[in-house]
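To start, the structure itself, in structure tokens.
Just so it is clear, none of the values below were taken in a lab; they were calculated from the coordinates. Predicted model only: the values in this text are computed from it and were never measured. Cβ: placed from backbone, ideal geometry, glycine included. Neighbour counts: every protein chain shown.
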Amino acid sequence: MTIRLARFALGLTGAIALACGSPALADTLVDNVDGITIGTDGKVLRFTGLVIDDEGRVAQVLKRGEERPRTDFQLDGKGRVMLPGMIDAHAHVMGIGFGALTLDLSQTTSLEDALAKIAQFAAENPGRPWIIGRGWNQEKWGLGRFPTAAELDAVVSDRPVWLSRVDGHAGWANSVAMQRANLSATTADPVGGRIIRKSGSQSPEGVLVDNAQSLIDAVVPAPRPADRDLALAKAQEILLAYGITGVADMGSSLEDWQAFRRAGDLGMLRVRIMAYADSVNSMESIAGPRPTPWLYDDRLRLNGVKLYMDGALGSRGALLKQPYADEPSHRGLPLLSPAQLRNQMSRAALDNFQVAVHAIGDAANAELLAAIAELSETYSGDRRWRIEHAQIVDPADLAKFGEHGIIASMQPLHQTSDRLMAEARLGPDRLGGAYAWRSMERVGSTLAFGSDAPVEPADVMAGLAAAISRTDADGQPFGGWLPHETISREDALTAYTLGAAYAGFAENLFGRLVPGEHADFILVDRDPLLASPQDIRTISVFETWVGGKRVYSSFK
């Protein structure tokens, strides 16, 4: 990976500039900053200077008027705003990298727009045996249905095409790809999966939902280790540019873990990764009988396992208590039976692995809450059960999020992206527990915010703006969607820093700027606690520092 390290207009000395690219050699004072961090009591602490020791940890936090200690190096912050490094509590690190290196359809606004981009990409990459990409969204296109293989065939018919939906819970294939996988009218839907069929026929139409995607995945050439290394480098570049210094990687495969380790061994692991294995088998292969220790100066740890209870709203895979308003014959797809869920959660908890479970629909969340209540009777202690997404919850179940130390790991940008779709999928009378951040907070659940990147951009500032306003980048809807579920600026910042660290058992290592923790911080152009939601979205990250070293600068 190449990260351009330019001299930031802080009056840095040559020695400091060198120190940014190598281990810190001596204590450094970063002075004249408008510093903000969150205390363990949730209150904002402001400061004007930070002393970093020679191990890259915070030694002192200095308030205005306090005497400055003598240090080997001093940096003038020029009044810039200093924030703790942001932590994305739910992302897919390798997905971010591969998404940036393959065909990206996330910005397409119509089927015609998408097909044009697919045709252009295929023409520009004649040597690629498969056209791989992601990001399509039939709801954003206003299509009113899933796209078809025939539509893909019209632009690429000479080689297989396989494109993941924006949420990763459905895939779109052309005819060649389906032929490679031997898909036909006689192919049965796998458990937890759905093959979209042509009207009046059993022939596959081109879209496969949730577990059915494995039918195509099985014949797609796997990325080589060098491909994974490149994707990881690209992902780190993207995360650091957004000011993200730590991330929970949800669904780490054994191959992903090996890529993380290779980067760590070479001193190229800049972002701190809290990994959650993609299965119990991967968890055991990576870590053995217990979670791994922190590696590479607290840059990598296997915390536990990520499980899936259901799919997503966009592909109608989210498991609902009542049928979909826009497909009355369907309630979603359970990806684990109640017994399977409890068995896998129990297997992980037995050896003190943390359990994170994807649950989007109200039925999936209800079943998971019941499982947590049952298992908490057997597995006591500080478990920090994680519910990932928790998008649609029956209001009658909301209070249960305050029990058993449950972490509500949620993604504010999902609310702005999914608003109209959620209304269509559920109808107006079933939105009472939709993206219910304040309700979760009120009952005592810890909020940990993330992006689900590459499903959404890893844009923390846009997430902060959505969390406090419930409006999108255009300020819609006026006054916010279900505005009673907004949270305060302070609580939103906490959810992206201390809350996200706590969710990964890292609250004493990073997430705040306090003595003893790693000096992970960012320098930005304005105070998000004082800016309007629209201004927060335009905040620029000037620099990102991890462990007292500058790892990103926007100055070229």
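Among the chymotrypsin sites (Phe, Trp or Tyr not before Pro) in segment 411-489, which ones are in a DSSP loop with at most 12 other Cβ atoms within 10 Å of the Cβ? Mind listing them? Present the calculation step by step, with values, prior to reporting the outcome.
On the way: sites: TYR435, TRP437, PHE449, PHE478, TRP481; in loops: TYR435, PHE478, TRP481.
When the chymotrypsin sites (Phe, Trp or Tyr not before Pro) of segment 411-489 are filtered for loop state and at most 12 Cβ neighbours within 10 Å, PHE478 remain.
For segment 85-209, what Kirkwood radius comes out of the mean inverse Cα-Cα distance, in Å? Intermediate results must be reported in sequence, preceding the final value.
Values: mean 1/r = 0.0655 Å⁻¹.
Over segment 85-209, the inverse of the mean reciprocal pair distance is 15.3 Å.
Could you pull the Rg and Dmax for segment 317-365, using just the Cα atoms, both in Å?
That works out to 13.4, 43 Å for Rg and Dmax.
Ignoring everything except DSSP H segments at least 4 long, calculate the 222 nm mean residue ellipticity for the chain; use -39,500 (n - 2.57) per segment, divide by total residues, nearest 500. Each step should come with its number before you reach the end.
On the way: 18 runs with 164 residues, N = 556.
Helix-only estimate at 222 nm: -8500 deg cm²/dmol.
Counting only C-alpha contacts under 8 Å and six or more residues apart, can you give the relative contact order of the chain as a whole percent?
Values: 1242 pairs, mean separation 98.8, N = 556.
After rounding, I find 18 percent.
Please compute the contact order of segment 404-540 in relative form: average sequence separation of alpha-carbon pairs under 8 Å and at least six residues apart, divided by the residue count, as a percent. Working shown, then result.
Values: 180 pairs, mean separation 33.5, N = 137.
Result for segment 404-540 is 24 percent.
Highest mean first, how do 208-216, 409-417 rank when packing is the count of other Cβ atoms within 10 Å averaged over residues? Show your work: numbers first, answer last.
Values: 208-216: 22.9, 409-417: 25.8.
Most protected by this proxy first, the peptides run 409-417, 208-216.
May I ask you to list the aspartates and glutamates whose Cα is less than 20 Å away from that of LYS117, ignoring any residue fewer than eight positions away on the same chain?
The qualifying aspartates and glutamates are ASP104, GLU139, GLU151, ASP153, ASP158, ASP167, GLU456.
For the chain, rounded, prolate or oblate, judged on the Cα gyration tensor with a ≥ b ≥ c (square roots of eigenvalues), a/c < 1.5 rounded, else prolate if a/b > b/c?
On the way: a/c = 1.70, a/b = 1.46, b/c = 1.16.
Because a/c hits 1.5 or more and a/b exceeds b/c, the chain counts as prolate.
Can you tell me what share of the DSSP beta bridges in the chain is antiparallel? A percent to the nearest 5 is fine. It would help to have the intermediate numbers written out before the result.
Numbers: 38 of 82 bridges.
Of those bridges, close to 45 percent are antiparallel.
Of the beta bridges DSSP finds with both residues in segment 62-179, what % are antiparallel, to the nearest 5?
30
I'd like the distance between the alpha-carbon centres of segment 495-556 and segment 442-462, rounded to an integer number of Å.
14
Need one number: nm distance between label points at SER532 and PHE478, each 7 Å from Cα along Cα→Cβ, rounded to one decimal.
Calculated label separation equals 1.4 nm.
With both partners inside segment 129-257, how many of the DSSP beta bridges are antiparallel, as a percent to the nearest 5? Don't jump to the answer; show the numbers that get you there.
Working: 10 of 15 bridges.
Approximately 65 percent, going by the DSSP bridge assignments.
Regarding segment 152-297, what is the average projected area of its C-alpha convex hull, in nm²?
Working: hull surface 44.6 nm².
Across all orientations, segment 152-297 yields a mean hull projection of 11.2 nm².
Which aspartates and glutamates, on any chain, are close to LYS549 with Cα under 17 Å apart, when same-chain ones fewer than 8 places away are left out?
Result set, ordered by chain and number: ASP27, ASP31, ASP53, ASP54, GLU55, ASP72, ASP76, GLU237, ASP297, ASP298, GLU517, ASP520.
Rounded to whole Å, give me the distance from the Cα center of segment 311-375 to that of segment 249-289.
Using only Cα atoms to place each centre, the spacing works out to 25 Å.
What's the whole-number percent of alpha carbon pairs in segment 386-473 lying beyond 19 angstrom? Don't jump to the answer; show the numbers that get you there.
Numbers: 1403 of 3828 pairs.
Within segment 386-473, distances greater than 19 Å cover 37 percent of Cα pairs.
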